[in-house]
1. Evaluated at 10 °C with a viscosity of 1.306 mPa s, what Stokes-Einstein diffusion coefficient in µm²/s does segment 239-390 have when Rh comes from the Kirkwood expression over alpha-carbon pairs?
2. For the modelled label position 7 Å from the Cα of Phe163 along Cα-to-Cβ, which residues of segment 112-136 have backbone nitrogen atoms closer than 15 Å?
3. Between Val231 and Asp279, what is the label-to-label distance in nm when each label sits 7 Å out along the Cα-to-Cβ direction?
4. One quarter of the convex hull surface, Cα atoms only: what value does that give for the chain in nm²?
5. Mind scanning Lys55/Lys201; Lys177/Lys297; Lys301/Lys361; Lys177/Lys301; Lys13/Lys177 and naming the pairs with a C-alpha gap bigger than 22 Å?
6. Test of the criteria: in segment 116-169, which chymotrypsin sites (Phe, Trp or Tyr not before Pro) are in a DSSP loop and have at most 16 other Cβ atoms within 10 angstrom of their Cβ?
7. Going by C-beta contacts inside 10 Å, put Glu370, Glu384, Glu155, Glu278 in order with the fewest on the left.
8. Could you calculate the FRET efficiency of Asn315 with Lys148 from 1/(1 + (r/R0)^6), where r is the beta carbon distance between them and R0 is 51 Å, rounded to 0.05?
Amino acid sequence: MGTVGVAGGGSTKVANPGKATILALGKAFPHQLVMQDYLVDGYFRDTNCDDPVLKQKLTRLCKTTTVKTRYVVMSEEILKKYPELAVEGLPTVKQRLDICNDAVTRMAVEASQACLKNWGRSPSDITHLVYVSSSEARLPGGDLYLAKGLGLSPETQRVMLYFVGCSGGVAGLRVAKDIAENNPGSRVLLATSETTIIGFKPPSAERPYDLVGVALFGDGAGAMIIGSDPVLGYEKPLFELHTAIQQFLPNTEKTIDGRLTEEGISFKLARELPQIIEDNIEGFCKKLMEVDGFPDKEYNKMFWAVHPGGPAILNRMEKRLDLSPEKLNASRRALMDYGNASSNTIVYVLEYMIEESLKMKKENQGDDDEWGLILAFGPGISFEGVLARNLTG
């Protein structure tokens, strides 16, 4: 597995006293890189399926998702060891969890190590751990195995968010913000880790919606360090987390439906999901912004770090909020390079956001957008949002 991280760079903006800030980012991936152009043939070969109608449907979906590359834990070695994963209807949850529990811990440790390296301080300075995953299930949970893998103190206070799906990264950020601001001097490690093996299945005409996931989702891990009152000279704040809120939309429980069964996780994503998000996104953003009296509808004067659930969601948001095309650049790049990696993806979006801010500063292309929104949507349907300041530009 390889690890990648982003350093903070210089910071000319100063964080407000007592407000939580993101102090470092890091990410990690499994070694298997999948090119979208070759995915269809490989998937149908691995699952011994030759249904031309399903193959044509997946080929079409692979183009519409805009994904170019993804990382996955699944490999020829795994399928040789567990051939039952590619057979319809076999009880395989034990086998899946044997693979997933190990893989997500390994990726979470590597992403956290990359993050700690960028932070520049000792793991012993971590006081709290927030761990997010929808790809494992065990007691004790992955939070303990991650703490052990990093050599954290046994007194590190842990919080675990399981099965919150795509909104998990921003939900974890909201929880970490609360911890950091209510425990002066604390440093919170937020780690997310996901693998699609928990839901890998052969194609089936009875489950055409499965092909959307095959064309869209990827694996990996992400990590952030969150704390208030950065130590000057030692820490370089990246984003200030000003306000965070969560909201669920009543009577949408079936729109994103996930079930853990004997055959792993089964997902159903309703067709109306992008429309529901489009119909509710402006009201949610207004609620998030009005907490601090932020000017209404000045959307193009803000940055947008949006979890890229899929291109339809990004397109609908762009249209509803009348955003300039470049506003969702970081989200579209993350989707193209990593697919929808569930809770991890917001880390990749924020990295691209920093990269673009520093590039603008270097090229003297005027002021970047200091204020913006960090957003994600998950089962519930739950909206997660943070009103934030970019401190890197």
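No lab work stands behind these numbers, since they all come straight from the coordinates. Note that this is a predicted model, so its numbers are computed, not measured. With ideal geometry, Cβ positions are generated from the backbone for all residues, glycine too; neighbour counts draw on all protein chains shown.
1. Details: Rh = 16.2 Å.
This corresponds to a translational diffusion coefficient of 98 µm²/s.
2. Counting backbone N atoms under 15 Å from the label point, the list is 133-136.
3. About 5.1 nm separates the two model spin labels.
4. Values: hull surface 72.9 nm².
Seen from a random direction, the Cα hull of the chain projects 18.2 nm² on average.
5. Working: Lys55/Lys201 14 Å; Lys177/Lys297 26 Å; Lys301/Lys361 16 Å; Lys177/Lys301 24 Å; Lys13/Lys177 19 Å.
The answer is Lys177/Lys297; Lys177/Lys301.
6. Details: sites: Trp119, Tyr131, Tyr145, Tyr162, Phe163; in loops: Phe163.
Qualifying residues, ordered by number: Phe163.
7. By the 10 Å Cβ count, ascending: Glu155, Glu370, Glu278, Glu384.
8. Values: r = 43 Å, r/R0 = 0.84.
Using R0 = 51 Å, I get an efficiency of 0.75.
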